[in-house]
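One structure is given below, encoded as structure tokens.
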Amino acid sequence: MEKITETLYAIDDFMWGNWMTALVLATGIILSIRFAFRYQRKIGFNFRNTFGTMFSKGEGTGTISGFRAACTALANTIGTGNISGVATAIVSGGPGALIWMWISAFFGMSTKACEIIIGQRYREHYEKSMDEYVCDRSFVLKNAFGWKKGAVVLAVFCFVLGPWTCSVQTEAVTSSVNQAFGINPIITDIVIGVTCFVTIWGGLKRISDVMSKAVPVMAALYIIMGLGVIVFNYQEIPRVVMLIIKSAFSPTAAVGGFAGATVRDAIQYGVARGIYSNDAGTGYGMIAHASARTDHPVRQSLWGWGEIFLDTVIVCTITAFTIIMTGSFYESDATSGALTTYAFTMAYGKIGGKLTAIAIAVFAWTTIIGMYYTCEKSVNYAFGDSETNRKMMPLYMVYYMVPCVIFYNIQADILWAFTDILSAIYVLITIFIIVAKHKEIFGLFDDFWKRYLPAKERGEEPEYVSFDCRAGSK
């Protein structure tokens, strides 16, 4: 196990070295410039076309509403990455890691928008086995490049290894619940396994229905709880802000259970944890949003802004401020979700720890379900729109839950290293796709802003821009 751990750490350090950080940030910066920073500066328009349409079924073709598709995506983004992931970033990279999470999020809005556009552009309508619009990296490799064999290899890789990353979620839940309530981790683990299995058994419509209710409610409750800590300690805000800024650009000294961090640590863990938290560049956006009912791919891509803003700018920031303000960062040697639980316990007493444990449990629960949906798309690609595909779903559901349930007690750092490595591979594939198909992306982007939207604003009814690679474009 020690050798495995050392190997994982070595691979993780290489994959998320300076070259990867530069690649991710450069991609986001170049795309943002090409898009004239529309995803970052058109806040009012973005809000009206995302959170402002929460109760709308949406126009165009698709399986579910844009909001429900976004909630399925948010199940991945707003999860334990916002709680345990932020804690891990601060423990490993110091308070300054938050700055690099912000920076990666700011430019990541454009990267994620590209994923969503790609997902809408190269999706397929599986009418026989599922009656669902589907897409993932494998569908894109086939439909955009004609690489059928490579697409199959990637699909198998994703659906075989994908479930193992969810061990991060169950570890965070069992450790925090045990700390807050003293409940045996095995009991918590079984409850997670059973309830997740029952939910994913219902397919996309049940998953999106549950996510559209659970994610907004838990996000709101967690935000309120975190804002309470900040408001009660408002006099500490200037000190915390200065500490975060200083730590982002200079080494952080060792204090309490913290061993200190270099600027490279702050950048590496800030960007890596930021990407894991908001999924910008991983390709998950093209999966979740491919099923969305929308009149134009670029309109759905606005959810890239909405997800990252809510996920990183708000939720991750609240977690980081809570950890630093309460002093848990200095006083405890806990990591992952246990550190965040300890921070809220310091702020609100035992009730704070219990509420945080509940929040972590629900967030992890939704993330496991959301991740299942993304892994399932790889299964769908491998078996096609066939009876075999339909029959494989129950079997895959069982396989998917096995790592989540069995490997809940592996050391958190090992789980994060493994997750980082897979995320890095997904990022490389996604960035390749974006670069290779940039003309298609930019063409749709310009079409929306220069032709489609002006026509809508003039009161005209332009034809929906929708795609189905099995039946041709509409």
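Points to keep in mind about this one:
- From the list Phe14, Phe51, the one residue that fits, being of a type outside the set (A, V, I, L, M) and over 21 Å from Ala290 (Cα atoms), is Phe14.
- Of the set (1) surrounded by fewer than 23 Cβ atoms within 10 Å (Cβ to Cβ); (2) out of contact with any Cys (no Cβ under 6 Å at 6 or more places or on another chain); (3) part of a helix (DSSP H, G or I), all apply to Ser175 but (1).
- Residue match in region 430-448 (condition: in contact with a Leu (Cβ under 7 Å, 6 or more places away or on another chain), closer than 30 Å to Ile223 by Cβ and in contact (Cβ under 8 Å) with a residue 40 or more places away in the chain): no
- Scanning region 122-172 for residues that are of a type in the set (Val, Ile, Thr) and outside any strand (DSSP E or B), we see that the one that is surrounded by the most Cβ atoms within 10 Å (Cβ to Cβ) is Val168.
- Applying the criterion of being at pLDDT 95 or above and touching a Ser or Thr at 6+ places or on another chain (Cβ under 9 Å) to the residues of region 442-474, the residue that is nearest to Val134 (Cα to Cα) is Leu444.
- Some residue of region 392-415 being buried (at least 18 other Cβ atoms within 10 Å of the Cβ) and of a type in the set (D, E, K, R): no
- Scanning region 87-115 for residues being more than 13 Å from the chain's Cα centre (by Cα), assigned to a helix (DSSP H, G or I) and over 13 Å from Leu25 (Cβ atoms) gives a total of 11.
The values are calculated or read from the model by the stated rules, or taken from the named source; none is laboratory data. Note that the structure is a prediction, hence the values are computed from the model and not measured. Neighbour counts are summed over all protein chains in view; Cβ atoms, including those assigned to glycine, are modelled from backbone coordinates with ideal geometry.
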